[in-house]
């Protein structure tokens with residue numbers, strides 16, 4: 001019951017507070033770092049926290065074992081569950097550090113759940129796992145909570161409004177949102193390949209960034225060339241969240257800039 005009582009807040013006020021926290025955290029010269037397929041890192045979650053990533057990503061399927069973390073459906077039989085690989089370790093860290101994920105008093109990451117199929121059932125299963133831990137996964141209860149953002153199969157946009165406010169969504173630049181559904185968008189993501197042309201790639205990406213920023217959202221491009229030169233170029237063009245498999249290398253690169 002505590003979980004649902006904590007959700008009885010003004011939706012617009014809460015949404016704006018999330019957006020504001022994103023931009024305040026982004027006030028430094030360094031971009032946000034997104035740990036793409038974080039579960040494939042040598043040390044999932046731990047590596048992301050050590051390098052203070054903005055977001056870490058886990059691909060999930062809903063199976064008879066619950067939500068399991070895997071890139072392909074054929075791997076689900078032996079894959080770890082989301083609860084074992086991420087949720088319970090995060091809960092233990094919050095207990096250890098007395099209300100936050102690490103010793104750092106200002107750090108609070110996003111856990112992006114990339115649902116591969118069956119969005120409605122998967123989100124329901126996710127809510128059942130987090131509802132007893134509002135101080136860990138609900139920023140309206142604890143500003144240092146881990147923000148959950150749904151990507152991949154996100155279901156119907158209109159259905160987003162039926163979920164409690166700890167759940168936000170990964171938006172798309174081609175989607176049309178009402179004022180209410182836009183409040184449920186944490187940031188906007190798109191495929192890098194959609195904006196690459198022979199002549200005007202930089203212009204197209206910069207225009208996209210301007211459009212996204214006009215909505216008071218952050219921009220992430222996925223499937224970017226994972227090199228220092230591209231990280232730097234995209235950051236200079238206005239891409240806020242750098243999608244990378246090379247978390248440590250990316251962090252060290254921008255620290256030297």
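Some values worked out for this structure:
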{"quantity": "Tally of residues being within 13 Å of the chain's Cα centre (by Cα) and either part of a loop (DSSP other than H, G, I, E, B) or farther than 23 Å from residue 117 by Cβ (or both) across the range 155-177", "calculated": "1"}
{"quantity": "Residue identified as under 18 Å from the mean Cα position of the chain (by Cα), under 25 Å from residue 160 (Cα atoms) and surrounded by 13 or more Cβ atoms within 10 Å (Cβ to Cβ) among 62, 56, 85", "calculated": "56"}
{"quantity": "All positions within the range 178-193 that are surrounded by fewer than 16 Cβ atoms within 10 Å (Cβ to Cβ) and outside any helix (DSSP H, G or I)", "calculated": "178, 191"}
{"quantity": "Pairs, first without any contact (Cβ under 8 Å) to a residue 12 or more places away in the chain in the range 135-154, second surrounded by 21 or more Cβ atoms within 10 Å (Cβ to Cβ) and in a helix (DSSP H, G or I), C-beta under 7 Å, six or more apart", "calculated": "none"}
{"quantity": "Residue among 229, 209 that alone is loosely packed, with under 14 Cβ neighbours inside 10 Å, modelled with pLDDT of 95 or more and in a helix (DSSP H, G or I)", "calculated": "229"}
{"quantity": "Residue 98 being modelled with pLDDT under 95, over 14 Å from residue 137 (Cβ atoms) and out of contact with any helix residue (DSSP H, G or I) (no Cβ under 6 Å at 6 or more places or on another chain)", "calculated": "no"}
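The values are calculated or read from the model by the stated rules, or taken from the named source; none is laboratory data. Predicted model only: the values in this text are computed from it and were never measured. When we count neighbours, we look across all protein chains shown, and the Cβ atoms used for this are built from the backbone with ideal geometry, even at glycine.
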